[in-house]
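Everything on this sheet refers to the single structure shown next.
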Amino acid sequence: MPDTMRGMRKVRPNSRMAQALGWLVGVPLAVRLLLPACIWVATSALYTVVPTGDQGRLMGWLEATHSSLRVFVLDPPAYPVDTVGASALLWVLIFAAPLITTAAVADFVRATVLSGEVLAQGYAGHVVVCGAGEHGVVIARRAARDGHKVVILDVEAAHTGLITHRGFQAVVVRGDMTESVDLAAASVQTARHVFFASGDPLVNLRGAGALRQLTTEGPEVHVLADQAVLNDEVLSPLALCRDDIVDQFGVAARTLADLDVVRAAMDGENGRPEVVIIAFGRFGQALLRELQSRGPAQVSVTLVDRKAKDKALVWNEQHPSSWRIVGENGGDGLRWANRCRPGDHPPDLVFLCLDNDAMSLRIATTLRRRIPHLVMVLRMNTELEDSEGLVTCSVPRLFDQALGSVLSRRNP
């Protein structure tokens, strides 16, 4: 998945015993089988050389081999008479063996009784989030905060069952959102909302199609995709409508286009505004689409991207307008920033649409040093305070704010 988070992780247990058991459960099966076998052999050997019981007798090999198995179920046949040398090691094994048994039982309970598939079957009216990436986590956290029970379906989930992560609790089911059997394991039939939130819009649409094959009634379906590029010819075979499409980048783009500092830079009072968009991916395209829908008739846009010239050519063909849109290949916004000179005609507005916060800040710092009064808008995953001429935009935060109305929707 292209999203940032690869599966859910358990929070660290508070007690040291829970941490130890959690570590033992996480050890690979082959190692866990080898460990009790070694303890069994070592315990058997020690029972033949260490005096035990009231009479301090030694066991024979056959008796020791059989009796050492009882150590694993908290029923040792005899205890060493002292705590020195080999006797001390036997005491250690007598305490260690039951921990191995406890870990095995805990693993069995976690994998069967407390698995995500079992827990999810008891849910109804819940929210199912397919895809535990950046936006999937935002949806799950918001739904949990609004009082909904949450089930997350993710093909790369590190753990399943009831998971606590980043302040919210959810049942995690490992599975593929495009497979009906995995969707059924997340109890989508009885859910109130189902979100398809992977980083690939095509996968999300395939998942929605699989859900419609499973059930045509029941949950509200929300597909994270670019709303502007979809039409009824694509949505109708999937039994979807445009209201089912949630455009997270479009939400952020509309918010940015309404900012006073952006409007002022785009008003065209000083001639044709010069706009630069660094990184022309899904967010950059949503932003340019929104700006064109409400901006002045004459604007010059420079795209800085790895394939900017090709992208500009395709954009001009698909979105004919009086805007002058050109591309500058290279894909390196930092190199473009280093070429800017105070004597050159500076742009009026620069949008940094990268998903790399460190690189965005580095480019912004370079541009601020070369063009002190330049207006810049940065796409950031980390929340920062805005300053004069510098605006930061967190797509997940703006998306989270828009989720309230989506989660409050109900089927008629």
Could you check Thr382 against (1) open to solvent by 70 Å² or more (accessible area, probe 1.4 Å); (2) farther than 21 Å from Gly199 by Cα and say which number it fails?
(2)
Region 267-292 - residue that is within 22 Å of Val251 (Cβ to Cβ), charged (D, E, K, R) and open to solvent by 40 Å² or more (accessible area, probe 1.4 Å) and, of those, nearest to the chain's Cα centre (by Cα):
Arg282
From the residues in region 298-308 that are open to solvent by less than 20 Å² (accessible area, probe 1.4 Å) and over 32 Å from the mean Cα position of the chain (by Cα), which one is nearest to Met266 (Cα to Cα)?
Val299
Report, by residue number, each residue of region 346-367 that is farther than 18 Å from Gln248 by Cβ, without any contact (Cβ under 8 Å) to a residue 60 or more places away in the chain, open to solvent by less than 70 Å² (accessible area, probe 1.4 Å) and charged (D, E, K, R).
none
Can you confirm whether region 254-272 contains a residue that is closer than 22 Å to Glu317 by Cβ and small (Gly, Ala, Ser)?
no
Having 3 or more residues that are in contact (Cβ under 8 Å) with a residue 24 or more places away in the chain is the bar; report the helices (runs of 4 or more DSSP H) wholly within region 196-308 that clear it.
201-214, 248-257, 260-266, 282-294
Selection from region 53-68 of residues surrounded by 17 or more Cβ atoms within 10 Å (Cβ to Cβ) and not in a helix (DSSP H, G or I) yields Met59
Go over the candidates Gly295, Gly333, Gly343 one by one and state the one that is crowded, with 21+ Cβ neighbours inside 10 Å, more than 34 Å from the chain's Cα centre (by Cα) and modelled with pLDDT under 90.
Gly295
Taking region 309-327, which residues are under 22 Å from Cys340 (Cβ atoms), open to solvent by 10 Å² or more (accessible area, probe 1.4 Å) and not in a strand (DSSP E or B)?
Lys309, Lys311, Trp323
Qualifying residue in region 381-402 (condition: closer than 21 Å to Arg282 by Cβ, modelled with pLDDT of 90 or more and touching a Leu at 6+ places or on another chain (Cβ under 6 Å))
no
Could you pull out the residue among Ile152, Ile139, Ile100 that is within 18 Å of Leu34 (Cα to Cα) and in contact (Cβ under 8 Å) with a residue 24 or more places away in the chain?
Ile100
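The values are calculated or read from the model by the stated rules, or taken from the named source; none is laboratory data. No experiment lies behind these values; they were computed from the predicted model shown. So basically every Cβ, Gly included, is an ideal-geometry build from the backbone, and we count neighbours across all protein chains shown. These area figures cover heavy atoms from the full protein model, side chains too; ligands, DNA and RNA do not enter into them. Shrake-Rupley method; radii C 1.70, N 1.55, O 1.52, S 1.80 Å.
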